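The values are calculated or read from the model by the stated rules, or taken from the named source; none is laboratory data. Values in this document were obtained by computation on a predicted structure and should not be read as measured data. Please note: Cβ atoms are built from the backbone with ideal geometry, for glycine as well, and neighbour counts cover all protein chains shown. Surface accessibility is based on the protein's heavy atoms, side chains included, excluding ligands, DNA and RNA. Shrake-Rupley method; radii C 1.70, N 1.55, O 1.52, S 1.80 Å.
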Amino acid sequence: MTFQPRVLQLHTADQVRRQLEAIEVDPCGVNLMADKALHVNILLEQVSCVAANILKQEMLTLGGDAAVARGTVACSINQTNVLLMGTRKQLAQLVVRLPRQPFGLKTLATELDAVLSPSDGVRALVGCHCRLAMSRPQVMGIINVTPDSFYDGGLCSNLDAVLRQAERQVDDGADLFDVGGESTRPGAALVTADVELERVVPVVEALKQRFDLPISVDTSKAVVAAAVLDCGADFINDISGLTFDVEMASVVAEKKAGVFVMHTRGCPQTMQKDTAYHDLLTEVIGSLRYSIERARQAGVPTESISVDPGIGFGKSVAGNLELLDRLDEVAALGYPVLIGTSRKSFIGAVLGQPVPQQRLYGSLASVAVAAQNGAHIFRVHDVSATRQTVDLAWAINHGTHMA
């Protein structure tokens, strides 16, 4: 007799529950065992050595562990990052034990509890006049009304061309439009607010009149945001994460708009001059948390915020690949994730395709991986091909299909 052992890849609570139910475990047993099957790694930053030593001992007592820097036990250094490693059940037990400990660990218990609390997932993203359901992938069709965008600059040079492109995108399955009046490719020239307004306001008005789809406008200028929201836009897509213009967060809140906050390092003119990071994910997630807090403090509700790790914005080729591979860490923030990889140069660098027109297959591979790793919204040039790709990737990942 052989037992035929095999390793299972169970990454989510739903996957664990489906496996337990397949074994025909008693329903009470499913609830008791689900949290024992999922191993969780939680990173804490800049923890005092005395607190880190307590965390290490508590985790060892519970059957887990905590990784700390050399010198922590002897307190020969001031601070350390800590990697908590355990099952969800062990970490939940840690939450119960920490409030009686000193050195701020009672506060950590509250923060950990929030991270570990069961969630039904991201349900919707709310804009001025719309609500996008996150129960299915959302495809955002790019409409650039710029002469110098890296792939489609000059293609939408008048309103007739814009409307023809928008109609194709609707027919191909787009869920929303993203209108851009200033190129944000590396090295792009700055555009004044007046020029940007002249480009995007008529387009937003025409799209609003012709189509029912929500409209996002890609801008980092508050005056442009206010104008396009007044004429019918639903979302602002700010590459700066609300940092280039101090008024942007207030405008979004006042107009009751949705906002996409993105991570970038520097402006488009300089961002690719410094792409080295000590810890890429730590910086990206820290920056996104800062942008989220700016939005919340201005009065933007949680359900109106989406995050974007900024593929191609101040990142090396290796950095872009790492972000896609670890996108689930961005998704763990609990906000809808927008991803924009369409035909970008890192795809060309990997595949040896220097011309953007040659990068469709690489773009589709990137959105499939992004869908598998937690992205919800996909900003793309190629709507039809992306629609099919992300729908299938979503069905595989979620065990559902769109039909």
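Sparse packing (at most 15 other Cβ atoms within 10 Å of the Cβ) combined with a DSSP loop state is found for the following GluC sites (Glu not before Pro) in region 12-104: Glu24. Accessible area per residue for region 244-403 is 43 Å², calculated with a 1.4 Å probe on protein heavy atoms, without ligands, DNA or RNA.
Rounded, prolate or oblate: pick one for region 11-149, where a ≥ b ≥ c are the square roots of the eigenvalues of its C-alpha gyration tensor, a/c under 1.5 means rounded, and failing that, prolate if a/b is larger than b/c, else oblate. In terms of gyration-tensor shape, oblate. Evaluated with a Cβ-only charge set (Lys, Arg +1; Asp, Glu -1), region 199-299 carries a dipole of roughly 80 debye about its Cα centre, given to the nearest 20.
Classify region 275-403 as rounded, prolate or oblate, taking a ≥ b ≥ c as the square roots of the eigenvalues of its Cα gyration tensor: rounded when a/c is under 1.5, otherwise prolate if a/b is larger than b/c and oblate if not. Taking the square roots of the gyration eigenvalues as a ≥ b ≥ c, region 275-403 is oblate. Element breakdown for the chain at a 1.4 angstrom probe: carbon and sulfur atoms account for 52% of the accessible area. With q set to 0.14, 0.20, 0.23, 0.25 Å⁻¹, the log10 of I(q)/I(0) for region 48-91, from the Debye formula over equal scatterers at the Cα positions, is -0.29, -0.54, -0.68, -0.77. Between the exposed loop cleavage positions of the chain, defined as chymotrypsin sites (Phe, Trp or Tyr not before Pro) in a non-H, G, I, E, B DSSP state with at most 15 neighbouring beta-carbon atoms within 10 angstrom, the longest gap is 4-243. For the listed peptides 282-288, 354-360, a ranking on the average number of other beta carbons within 10 Å per residue, highest first, reads 282-288, 354-360. Between Arg123 and Thr282, the simple label model (points 7 Å from Cα in the Cβ direction) yields a spacing of 3.6 nm. Distance between the pseudo-spin-label points of Gln46 and Phe244 (7 Å out from Cα toward the beta carbon): 2.8 nm.
In a reduced charge model with +1 at each Lys and Arg Cβ and -1 at each Asp and Glu Cβ, the chain shows a dipole moment near 960 debye about its Cα centre. Between 0 and 90 degrees, rounded to the nearest ten: what's the tilt of helix 13-22 against the longest Cα principal axis of the chain? The answer is roughly 60 degrees. Counting only residues at least eight positions apart within a chain, or on another chain, the lysines with an alpha carbon under 24 Å from that of Lys56 are Lys36, Lys89, Lys106. Helical content of the chain, expressed as a calculated mean residue ellipticity at 222 nm, amounts to -13500 deg cm²/dmol (DSSP H runs of 4 or more residues, -39,500 (n - 2.57) each, divided by residue number, nearest 500). Ranking Phe313, Val115, Val369 by Cα position along the charge dipole of the chain, where only Lys, Arg, Asp and Glu carry charges on their C-beta atoms, puts Val115 farthest toward the positive end. For region 36-103, the solvent-accessible area of protein heavy atoms averages 55 Å² per residue (probe radius 1.4 Å; ligands and nucleic acids excluded). Look at the dipole of the chain built from charges on Cβ: of Val179, Pro356, Phe346, the Cα furthest out on the positive end belongs to Phe346.
Between Arg131 and Ile77, the modelled label-to-label distance comes to 4.8 nm, taking each label 7 Å out from Cα in the direction of the beta carbon.
Gain on full extension, evaluated as 0.36 nm per residue between Phe103 and Val7 minus their Cα-Cα distance, stands at 30.5 nm. Classify region 191-274: rounded, prolate or oblate, from the alpha-carbon gyration tensor (a ≥ b ≥ c, eigenvalue square roots; a/c under 1.5 rounded; otherwise prolate if a/b is larger than b/c)? Note, shape of region 191-274 comes out prolate.
Using only alpha carbon pairs under 8 Å that are at least six residues apart, calculate the relative contact order of region 1-118 and give it in whole percent.
Relative contact order comes out at 23 percent.
Within region 289-339, none of the trypsin sites (Lys or Arg not before Pro) combine a DSSP coil assignment with at most 11 other C-beta atoms in a 10 angstrom radius. Taking every C-alpha pair closer than 8 Å and separated by at least 6 residues, the mean separation divided by the residue count of region 272-322 gives a relative contact order of 56 percent. Computed from point charges on the beta carbon alone (+1 for Lys and Arg, -1 for Asp and Glu), the dipole magnitude for region 1-131 about its Cα centre is near 160 Debye.
Selection among Gln272, Ala295, Val252 by position relative to the dipole of region 199-305 gives Gln272 as farthest towards the positive end (Cβ unit charges, Cα centre). So which lysines pass the test for Lys221, namely a Cα distance under 22 Å, with those fewer than 8 places away in the same chain ruled out? The qualifying lysines are Lys208, Lys255, Lys256. Across the chain, the mean sequence separation of Cα contacts (distance under 8 Å, 6 or more residues apart), normalised by length, yields a relative contact order of 12 percent.
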